[in-house]
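The values are calculated or read from the model by the stated rules, or taken from the named source; none is laboratory data. Keep in mind that what you see is a predicted model, and the values were worked out from it rather than measured. Heads up, the Cβs are rebuilt from the backbone with ideal geometry, glycines too, and the neighbour counts pull from every protein chain shown.
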Amino acid sequence: MKQSIYIESTIPSYAAARTSKNIIIAGKQAVTQDFFDLERDKYNLFISRYVLEECSKGDSAVAKKRLDLLKGITILPDTPEIEQLADAYMNILSIPLKSRIDTFHLAMCCVHEINILLSWNCTHLGTASMQIVQRYNDARGLYTPQMTTPDSIMEVDFDE
């Protein structure tokens, strides 16, 4: 059975952006594009309206590229529990209001029991934060996804 992956907004953003001059970012862009080209069919992919809203912003040509990458991916439904859980995560993780959307991505995965939250944004949902979320969720009988980056789930050949 295929694992489920929630595609957070940074994933199509890295894949659709012009290649960066920064070699670290360019590497992430290449890995992300490889994920879409070579790996996506190995998983059941999911997004939410939050991903679509974020990917629709900015330069219209780049937004179109991001949205094209998301075509055919199942959109998870909202539930009242998602907003409540997102609010709880904001509080326990002390996430700033401007980054509130990160808690909605996480709540979507928890409520819909998605195996993996795939993201390049580890600022608010890095290892330490996910440990707090795991304890919070365990105490309430909630599911916790694995939070990871594309290079962590792919076999990347750096010699190519």
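Summary of values
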item: Output for the stretch 39-76, where each listed residue is touching a residue at least 60 places away in the same chain (Cβ under 8 Å) and more than 13 Å from residue 2 (Cβ to Cβ); result: 48, 70, 73, 76
item: Elements of type helices (runs of 4 or more DSSP H) contained in the stretch 89-160, each with 2 or more residues being farther than 22 Å from residue 28 by Cβ and more than 14 Å from the chain's Cα centre (by Cα); result: 127-140
item: Hits in the stretch 118-139 - residues which are among the polar types (S, T, N, Q), surrounded by fewer than 20 Cβ atoms within 10 Å (Cβ to Cβ) and at pLDDT 85 or above; result: 121, 131, 134, 137
item: Every pair of residues 6+ apart whose Cβ atoms lie under 8 Å, when the first sits in the stretch 6-18 and is touching a residue at least 60 places away in the same chain (Cβ under 8 Å) and crowded, with 24+ Cβ neighbours inside 10 Å while the second is of a type in the set (Phe, Trp, Tyr) and assigned to a helix (DSSP H, G or I); result: 9/50; 11/35
item: Subset of the stretch 27-80 [in a helix (DSSP H, G or I), hydroxyl-bearing (Ser, Thr, Tyr) and within 17 Å of the chain's Cα centre (by Cα)]; result: 32, 50
item: Output for the stretch 1-23, where each listed residue is of a type in the set (A, V, I, L, M, F, W, C) and within 20 Å of residue 124 (Cβ to Cβ); result: 5, 7, 11
